[in-house]
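The values are calculated or read from the model by the stated rules, or taken from the named source; none is laboratory data. Please read all numbers here as calculations on a predicted model, not as lab measurements. Here the Cβ positions follow ideal geometry from the backbone for every residue, glycine too, while neighbour counts run over all protein chains shown. The protein model used for the area step is the full one, side chains on, heavy atoms only, and it has no ligands, DNA or RNA in it. Shrake-Rupley method; radii C 1.70, N 1.55, O 1.52, S 1.80 Å.
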Amino acid sequence: MLTVVGVLLVALAGAEAVVASQNRQYTDAALTETGPLRVHGQELLSVLLDQETGVRGYAVSGDRTDLAPYDEGVRQEREIVATISRLIDDYPGIAQELRLVEERAEQWRSTVAEPVINATTANGPAAGQALLNDQARQQFDGIRSAIEALQAEILTARDRVVSEIERTGDLLVLLLIVAAVVVVLAGTVLLLSLEKMVVRPLTSLAGQVREVADGDYRHRIAGEGPPEFLALAEDVDSMRQKIARELDEVREARERIEWVNSQLQKQAEELVRSNRDLEQFAYVASHDLQEPLRKVASFCQLLQRRYAGQLDERADQYIAFAVDGAQRMQRLINDLLAFSRIGRLTTGFTDVDLNRVMAEVAGQTEAGRQYADAELTWSELPVIRGEEPLLTNLLVNLVSNSVKFRRPDVPPKVHVSARLVDGEWEISCQDNGIGIEPEFADKIFVIFQRLHSKDAYPGTGIGLAIVKKIVEYHGGRVWVDTGTPEGTAIRFTLPARDEDVEAALAAEAAEDAATGEDAAGPAADGPADADADAGTGAALDDDGGSDRTGPAVRQARRQDTPDPAGEPGGGGTGGTKETVG
């Protein structure tokens with residue numbers, strides 16, 4: 001059908017083009033040929049009248065100047081005849097009438113005008129006037145009749161052209177109406193065909209797909225209409241079946257996961273209860289063991305003081321073994337009691353200035369550092385949310401371990417630093433001690449795990465387990481940096497306060513802007529550049545020899561930390577050292 005409509009419309013368009021071309025030709029003929037011909041016909045009559053007037057005037061006056069209209073009329077006649085001749089190629093009737101006018105005009109000039117002029121010139125006006133008789137007038141009337149016939153023929157040609165213009169215009173309008181009717185009919189038929197072959201099947205398919213999309217995955221999708229729609233419906237139904245199968249699998253998997261989650265929840269609750277019972281047991285056991293253990297240790301020490309040297313050497317050795325064992329057991333129980341108390345007895349989180357904590361740590365570890373000739377330094381540290389006693393215990397354990405596990409004949413150096421990383425404070429305790437092998441990096445945080453004998457390095461093996469529990473209680477994590485070239489670096493994270501993070505971001509943005517300005521202009525003076533370079537790293541030097549504070553640390557300390565004058569590690573310099581020995 002579309003082919004037929006297309007061929008019909010092309011034929012109509014071709015016919016319309018032909019008719020429009022004809023209409024244009026006739027219109028051009030009316031405007032450029034027949035119209036000007038009528039005007040030229042009138043002009044031709046006018047110039048012939050001028051010739052006749054000039055001849056009569058000369059015959060009356062005998063003055064040669066009166067012949068000027070005659071001479072000018074002859075010249076204009078030739079021009080008008082030439083112009084008319086160029087326009088009448090398609091009009092043979094007009095050409096015939098024009099020849100008749102020319103013949104009569106030429107005959108009048110040869111039989112009347114020229115003899116009158118010659119007679120007047122030779123014999124005077126009277127002779128000329130004698131020749132202007134009725135016969136001469138009749139001859140000129142013949143010219144008028146010929147011109148009127150020419151005008152009538154031009155008018156006939158014009159009427160014929162106008163008639164053709166009207167005919168072709170009407171035909172063009174008719175063809176346009178036919179084309180419009182064909183388009184309307186074809187559009188109507190096409191819309192009805194689309195409704196039947198496309199819209200209805202597609203609407204039906206969309207409705208079925210919508211039912212499936214609403215959750216009825218068991219609804220079978222049936223197609224109708226053209227073969228393409230049937231194939232599309234089959235493909236959509238295949239997809240529905242696949243989705244239905246996958247949903248069944250997902251439903252089964254979800255049921256299994258829910259069952260597993262319920263089992264895991266039960267196990268987790270059981271594990272929490274078990275851990276709580278174990279912590280309670282450890283607390284009760286260690287607490288209740290204190291009294292008999294103190295009694296055993298007291299009596300052993302009493303035996304050692306009272307009977308030392310009175311028994312044989314073996315008895316003194318046995319008593320020393322008993323005293324040492326009781327003391328070690330007492331230390332072990334005290335450490336276990338401290339471990340079990342973490343998170344059980346809490347005073348709530350407050351803002352804790354780690355610089356003040358480090359001053360307390362320096363005081364608590366002063367005796368051990370004096371004995372080992374140790375140097376303790378720390379960079380400017382942040383203010384965090386936590387429990388100050390637990391954080392003090394954490395840092396005391398780390399500093400004590402760094403002093404204890406030192407290399408022979410090498411004075412220990414311990415440096416504590418902090419940097420802001422992804423919204424958390426990463427705090428490092430770096431020393432120059434014996435270091436830790438990478439394979440033992442996780443083992444050292446397990447309770448009662450030791451890498452050395454108690455004779456080489458005394459202790460209960462619970463210090464780093466306490467460190468890990470305190471860090472996790474504060475929402476952080478702890479690990480050993482195995483990439484340190486010398487000594488040991490233990491790092492742990494603590495959540496940063498929102499104001500510290502915002503201050504760090506603002507400081508970094510300001511520093512980036514300043515860096516851009518410096519790059520655009522000439523270099524600034526040396527101290528300013530050095531200051532900017534120091535601010536680009538948010539980390540503090542972990543080597544213990546230098547101290548660099550990033551913009552986040554400086555900003556946080558300026559806003560939130562008062563100046564603890566007189567305390568080690570206090571102030572805003574960011575490089576306070578506590579050196580003992």
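Among the listed pairs 295/404; 413/469; 404/443, those with a Cα-Cα distance over 22 Å are 295/404; 413/469.
If you take all C-alpha pairs in region 1-193, what percent of them are over 30 Å apart?
Above the 30 Å cut-off, region 1-193 has 47 percent of its Cα pairs.
The share of accessible area on region 345-511 that comes from carbon and sulfur is 51 percent, using a 1.4 angstrom probe. Note on exposure: 140, 299 ranked by accessible area (1.4 Å probe, complete protein assembly) read 299, 140, with the most exposed listed first. In region 43-124, the C-alpha radius of gyration followed by the widest Cα-Cα span (Dmax) gives 14.4, 49 angstrom.
How long are the semi-axes of the equivalent ellipsoid of region 345-511, taking √(5λ) for every eigenvalue λ of the Cα gyration tensor, in whole Å from largest down?
Numbers: eigenvalues 149, 59, 53 Å².
The three semi-axes for region 345-511 are 27, 17, 16 Å.
In this simple spin-label model, placing a label point 7 Å from the Cα along the Cα-to-Cβ direction at both residue 306 and residue 17 gives a separation of 13.6 nm.
Report the relative contact order of region 1-193, percent, no decimals, based on alpha-carbon pairs under 8 angstrom and at least 6 residues apart.
Working: 169 pairs, mean separation 65.2, N = 193.
Dividing the mean separation by the residue count of region 1-193 yields 34 percent.
What does the charge count around residue 94 come to, taking other residues whose C-beta lies under 14 Å from its C-beta (Lys +1, Arg +1, Asp -1, Glu -1)? Display every interim value, and only then the final one.
Details: positive: 38, 86, 99, 158, 160; negative: 33, 89, 90, 97, 102, 148, 153, 159.
Local net charge: -3.
Ordered from highest to lowest accessible area with the whole protein assembly present and a 1.4 Å probe, 422, 90, 216 read as 422, 90, 216. Accessible surface computed residue by residue for region 345-511, with neighbouring protein chains in place and a 1.4 Å probe, gives 44 Å² per residue. For region 1-193, the fraction of 1.4 Å probe accessible surface lying on carbon and sulfur atoms is 59 percent.
Converting phi to 3J(HN,Hα) with the Karplus coefficients 6.51, -1.76 and 1.60 and the offset θ = phi - 60°, region 416-429 yields 10, 9, 8, 8, 8, 10, 6, x, 10, 8, 9, 10, 10, 10 Hz in sequence order, with x at every glycine or proline. Accessible area per residue (1.4 Å probe, heavy atoms of protein chains only) ranks 464, 247 as 247, 464, with the largest value leading.
Tell me, what is the percent relative contact order of region 346-396, built from C-alpha pairs under 8 Å that lie six or more residues apart? Could you put the intermediate results ahead of the total?
Values: 47 pairs, mean separation 31.9, N = 51.
Across region 346-396, relative contact order equals 63 percent.
As an equivalent ellipsoid, region 13-70 spans semi-axes of 48, 6, 4 angstrom, where each value is the square root of five times an eigenvalue of the C-alpha gyration tensor, largest first. Computed with every protein chain present, the accessible area of residue 72 is close to 70 Å² [probe 1.4 Å].
Lys and Arg at +1, Asp and Glu at -1: add these up for the other residues within a Cβ distance under 11 Å of residue 144 and post the number.
Working: positive: 104, 137; negative: 52, 141, 148.
Taking every other residue near residue 144 into account, the sum is -1.
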